[in-house]
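Okay, structure first, notes after.
The values are calculated or read from the model by the stated rules, or taken from the named source; none is laboratory data. What you are looking at is a predicted structure, and each value in this text was computed from that prediction instead of being measured. Cβ sites come from the backbone with ideal geometry, for glycine too, and all protein chains shown count toward neighbours.
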Amino acid sequence: MNLFTALRDLVLKEVAALVEAGELPQNLDTSAIAVEPPREAGHGDVATNAAMVLAKPAKRPPREIAQLIAERLKHAPDIEAVEVAGAGFINLRLAPSFWHARLREILREGADYGVVNLGKGAPVNVEYVSANPTGPLHVGHGRGTVFGDVLANLLQRLGYKVTREYYINDAGAQVDVLARSAHLRYREALGEVIGDIPEGLYPGDYLKPVGAALAARDGAKWRDVSEADWLPVVRGAAIDAMLRLIKDDLAALGVRHEVFTSERKLVEDGKVEAAFRQLEADGLIYTGVLEPPKGKPAPDDWEPRPQSLFRATKFGDDVDRPLKKSDGSWTYFATDIAYHRDKIARGFNDLIDVWGADHGGYIKRMQAAVNALSGGAAKLDVKVCQLVKLLDNGEPVKMSKRSGQFVTLRDVVERVGKDVVRFILLTRRNDAPLDFDLAKVTEQSKDNPIFYVQYAHARIHSVLRRVAEEMPEIARDVGSLEAAAFDALSDEAELGLIKLAATWPRVLEQAALAHEPHRLAFFLNDLAAAFHRLWNKGNDDPRFRFMILSDSRTTQARLGLIVGVGLVIAAGLTIFGIEPVEEMRA
């Protein structure tokens, strides 16, 4: 149960009762009424803005309305205290019995606690990674990869029909550079001394197997022919090899996409032309000359000559955008439009794209295009992931020999483990830079978020093991713990831990609606910290230990508390694609 939703329903019920009694006017708009955590914990457990929302349409002072609502709420079950504060906010303090009921709910629902059918089977397309197929993934790609994958897990858990998609940028100039680089390695495999890799080509060792495979398959067939003859063949072989490499890198991180869409195939199948014709038929294409950008370098698609322009400004963009250059070739934007039109044609009106930091300026034009193509039916949410700074004990990490340019994602996963990577890369908002220190993320301390969360889960299971040994008479199955005497949990720290765990349904829902999976990492870290504080309180004062040999009743209640916390932690880690551990090993 989302307790905030349930309490909002209670507030709405009391408002309706006041309307029926003639104390408030009919037909009030209550849609903006909210029940949320108060700004300061000392003000109570929850607060509502109901009186503030209703004051203007009811033509009465907000405090006056607040007093009417507060008087009715005082008599509601499980509400211990009601206070009208400020201009008319209503603060509620809930009885311990309310929180004990939430703990029973957590134990009863287990891994499903907080899970609601928010999506109701609606299809949603999450496109992430989509790195150019020119080499292995680097740690910067890893951030968008983890963001997209955990977001997809979250949406799927809450009832959306999620498709994970990778867009292969295999039609641009960069794959021709890849082909030339692979051809150089092919000649090397045939015995030619190639010397230093020329400027502008990809220098990494990862292309050596591509050249060797070509040489083994075709011999010297492509060595002495013109580039026009060998380029398509080598390009295709190189792209296929890079995609296999990328898929292997993703698999090492626990990521698998259901759909891979080729940019080149979109062009060859005439889908770029079809998208252009649709926009043209809708009167959204015209021939014009764009003004050069003021105060910054001109983009690649700018020309001081007439071009076919999309009326992007009609849909909220800053300027109209070129789709076809003066020589008749398509711009990158044109192929991206065709790709999103293809998604819409496949039945997706809910589109999420996860992009790198250098694509922020591209968002408005793409959203404008999706709006135009779908007649406003489809929505595109773009999440930009900022840069990752890779460190080792505070020092920048040098580039990998394998890549020749950067540290590969596979290097990082093999060094610290996929679970560490999947969690740490979500410990900051996606739009904030992130430092990833290889030494810090593996140390066993409270400063390491993934260790801190896993350690809480492991400590809970260590208590269960100890109780099994020293107090075997206590039933430890979830059903028995759900029936425990939770009135024994009366300390503010114990109740505070329940209160925090009980906000999990709200965290899940808000993270899904905002497309912000980092909220789960923040919550799990907070929950683990609250658990560790209670553990330490027991170390300082034996009365608060989880196991008290002389008091089976309290011990079982506290077991119920920590098992409930463990269930929430495990549910969160599972969405991350991380296996919760029951024992920590150095």
Test: residue in region 171-178 that is crowded, with 21+ Cβ neighbours inside 10 Å, among the small types (G, A, S) and touching a residue at least 40 places away in the same chain (Cβ under 8 Å): no
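If I filter region 82-114 down to residues being in contact with a Gly (Cβ under 7 Å, 6 or more places away or on another chain) and without any contact (Cβ under 8 Å) to a residue 60 or more places away in the chain, which single residue comes out as farthest from V35 (Cα to Cα)?
Filtering region 82-114 for residues that are in contact with a Gly (Cβ under 7 Å, 6 or more places away or on another chain) and without any contact (Cβ under 8 Å) to a residue 60 or more places away in the chain, the one farthest from V35 (Cα to Cα) comes out as E83.
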Helices (runs of 4 or more DSSP H) lying entirely in region 397-476 (those with 3 or more residues that are more than 30 Å from M242 (Cβ to Cβ), under 27 Å from the mean Cα position of the chain (by Cα) and touching a residue at least 60 places away in the same chain (Cβ under 8 Å)): 449-470
Matching option when the condition is closer than 30 Å to V354 by Cβ and surrounded by fewer than 17 Cβ atoms within 10 Å (Cβ to Cβ), among A501, A529: A529
Inter-residue pairs, beta-carbon under 8 Å, first part of a loop (DSSP other than H, G, I, E, B) and in region 25-38, second surrounded by fewer than 15 Cβ atoms within 10 Å (Cβ to Cβ), 6+ apart: P25/P57; P25/K59; L28/P57; D29/P57
Answer residue from region 187-197, given it is at pLDDT below 95 and touching a Leu at 6+ places or on another chain (Cβ under 8 Å) and is surrounded by the fewest Cβ atoms within 10 Å (Cβ to Cβ) among those: I194
Hits in region 506-522 (condition: surrounded by fewer than 23 Cβ atoms within 10 Å (Cβ to Cβ) and closer than 21 Å to H457 by Cβ): V507, H518, R519, F522
Among the residues listed as R519, R545, the single one being in contact with a Gly (Cβ under 8 Å, 6 or more places away or on another chain) and of a type in the set (D, E, K, R): R545
Residue within region 11-20 that is surrounded by fewer than 13 Cβ atoms within 10 Å (Cβ to Cβ) and either at pLDDT below 95 or among the small types (G, A, S) (or both) present: no
Unique match (being surrounded by 23 or more Cβ atoms within 10 Å (Cβ to Cβ) and small (G, A, S)) among A368, A357: A368
Selection from region 141-177 of residues that are outside any helix (DSSP H, G or I) and β-branched (V, I, T): V162, T163, I168
Pick from region 105-114, criterion over 16 Å from A6 (Cβ atoms) and touching a Leu at 6+ places or on another chain (Cβ under 8 Å), ranking: surrounded by the fewest Cβ atoms within 10 Å (Cβ to Cβ): A111
Conditions (1) surrounded by fewer than 22 Cβ atoms within 10 Å (Cβ to Cβ); (2) modelled with pLDDT of 95 or more; number of the one not met by A152: (1)
Failed item in (1) buried (at least 16 other Cβ atoms within 10 Å of the Cβ); (2) in a helix (DSSP H, G or I); (3) not charged (D, E, K, R), with G42 passing the rest: (1)
Some residue of region 207-215 being in contact with a Ser or Thr (Cβ under 7 Å, 6 or more places away or on another chain), in contact (Cβ under 8 Å) with a residue 24 or more places away in the chain and either loosely packed, with under 12 Cβ neighbours inside 10 Å or small (G, A, S) (or both): no
Looking only at region 232-251, and only at residues there that are surrounded by fewer than 17 Cβ atoms within 10 Å (Cβ to Cβ) and of a type in the set (A, V, I, L, M, F, W, C), the one that is farthest from the chain's Cα centre (by Cα): V233
Tally, over region 303-335, of residues that are aliphatic (A, V, I, L, M) and either surrounded by fewer than 21 Cβ atoms within 10 Å (Cβ to Cβ) or more than 36 Å from the chain's Cα centre (by Cα) (or both): 2
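For region 546-560, indicate whether the set of residues that are assigned to a helix (DSSP H, G or I), within 19 Å of V467 (Cβ to Cβ), touching a residue at least 60 places away in the same chain (Cβ under 8 Å) and touching a Pro at 6+ places or on another chain (Cβ under 9 Å) is non-empty.
Checking region 546-560: not a single residue is assigned to a helix (DSSP H, G or I), within 19 Å of V467 (Cβ to Cβ), touching a residue at least 60 places away in the same chain (Cβ under 8 Å) and touching a Pro at 6+ places or on another chain (Cβ under 9 Å).
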Subset of region 372-415 that is in contact with a His (Cβ under 7 Å, 6 or more places away or on another chain) and β-branched (V, I, T) - its residue that is modelled with the highest pLDDT: V384
Options L184, L207: the member that is closer than 23 Å to E414 by Cα and outside any loop (DSSP other than H, G, I, E, B): L207
Every residue from region 494-519 that is of a type in the set (G, A, S) and without any contact (Cβ under 8 Å) to a residue 60 or more places away in the chain: G496, A514
Selection within region 64-105 - among the acidic types (D, E) and on the phi > 0 side of the Ramachandran plot: D78
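Going through I79, I69, I90 one at a time, which residue ends up being over 38 Å from the mean Cα position of the chain (by Cα), over 30 Å from D477 (Cα atoms) and aliphatic (A, V, I, L, M)?
Answer to the check: I69.
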Residue count for region 100-134, restricted to those that are within 30 Å of D78 (Cα to Cα) and not hydrophobic (A, V, I, L, M, F, W, C): 11
